[in-house]
Amino acid sequence: MTPPILAVRNLRKSYSVSVGAFAAASHHATAVENVSFDLERGETLGIVGESGCGKTTLARMLMRLIEPDSGEIDYRGENFLAAKGSNLRTLRRGIQMVFQDPAGSLDPRMPVAAIVGEPLAIHEPQLSRTEARARIIETLAAVGMEADALTRYPHEFSGGQKQRVGIARALILRPEIVIGDEPVSALDVSVGAQILELLAKLQRDLNLTYILISHSLPVVAQLATRVAVMRKGSFVEIGPATEVLTNPIDPYAKSLLAAVPEIPA
Ligand SMILES: Nc1ncnc2c1ncn2[C@@H]1O[C@H](COP(=O)(O)OP(=O)(O)OP(=O)(O)O)[C@@H](O)[C@H]1O
Ligand SMILES: [Mg+2]
């Protein structure tokens, strides 16, 4: 058996929350508690749960954008939370994120070439301008965008096109794992469906492993091979998508499913 690409154990994160008008007192509110899972190469783990249950906090810990209070993350068999310096940079580029709000996550002052090329400029500065440009064009093509987008600015694009640019930016470093944090919830349903189809195609073409986060069970159902149901910071159920989406055991997972009229096959 091949080892999991990512092994997460007992992750926990609390935020200090100010109490009272003068914020003299504070207490800790737990956003993520005791989350453990293995991510297998090539799978899509869907994480579903209502607003505020801790999905983004978990994603940000997996990216090491925020540090957990406790717990462990092994990535490629290495202790990701202890990684430093160039080793950390190498590991970090293997996990990239696609964000919810394509408008807000793209710098409005930068043309698409700079937005998509920025991670390359940071991580592969040895590339010549011609080589970098070729990588940018190739990555834009992979997300269905023409080279004439290079000199244009985010406001010139529709929401779906902006999200394609966001996906290109996530893919330019050729990551192994892509975390989509509500990647289609800011989009119209039909545009969102096209983006989900694109993500599925990219996964096949580029051998990607996905974590797909959404408050929407039908969105998760479209791509996930395994589903985790999150509530108040913890996974209440995790299992094969076919089982969790048709016959969940946990009462909260049952209630989520019951609230969806029909899951598209
Ligand atoms: N920087 C922060 N400081 C304090 N509390 C925070 C911070 N970020 C998140 N929280 C709190 O932690 C909890 C989990 O938030 P998180 O954003 O991870 O949830 P979420 O599942 O991503 O929600 P949504 O579906 O709305 O995106 C919430 O109660 C939130 O208010
Ligand atoms: Mg969130």
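Throughout, read-outs are computed from the coordinates displayed, never taken from laboratory work. None of these values were measured; they are calculated from a predicted model. Glycine gets a Cβ as well: all are built from the backbone with ideal geometry, and neighbour counts include every protein chain shown.
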ask   = Does the stretch 57-64 contain any residue that is more than 16 Å from ligand 1 (Cβ to nearest atom), more than 18 Å from L199 (Cβ to Cβ) and not polar (S, T, N, Q)?
value = no
query = Could you list, in sequence order, the residues of the stretch 210-265 that are under 23 Å from A31 (Cβ atoms) and among the acidic types (D, E)?
reply = E237, D250
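Can you go through E67, E43 and tell me which one is acidic (D, E), more than 16 Å from ligand 2 (Cβ to nearest atom) and loosely packed, with under 14 Cβ neighbours inside 10 Å?
Of E67, E43, the one residue that is acidic (D, E), more than 16 Å from ligand 2 (Cβ to nearest atom) and loosely packed, with under 14 Cβ neighbours inside 10 Å is E67.
Just need a number here: residues in the stretch 40-68 that are of a type in the set (A, V, I, L, M, F, W, C) and assigned to a loop (DSSP other than H, G, I, E, B).
Residues flagged as of a type in the set (A, V, I, L, M, F, W, C) and assigned to a loop (DSSP other than H, G, I, E, B) within the stretch 40-68 amount to 4.
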request  = Give me the pairs, please: first residue somewhere in the stretch 210-223 and over 18 Å from L62 (Cα atoms), second residue anywhere and of a type in the set (S, T, N, Q) and away from ligand 1 (no atom under 12 Å from the Cβ), beta-carbon distance under 6 Å, and either six or more positions apart or on two chains.
outcome  = L223/T44
request  = Please determine, by comparing only the residues of the stretch 70-81 that are among the charged types (D, E, K, R) and either in contact (Cβ under 8 Å) with a residue 24 or more places away in the chain or in a loop (DSSP other than H, G, I, E, B) (or both), which one is surrounded by the most Cβ atoms within 10 Å (Cβ to Cβ).
outcome  = D74
query = Here are some conditions: (1) within 16 Å of ligand 1 (Cβ to nearest atom); (2) over 15 Å from L39 (Cα atoms). E243 meets all but one. Which one does it not meet?
reply = (1)
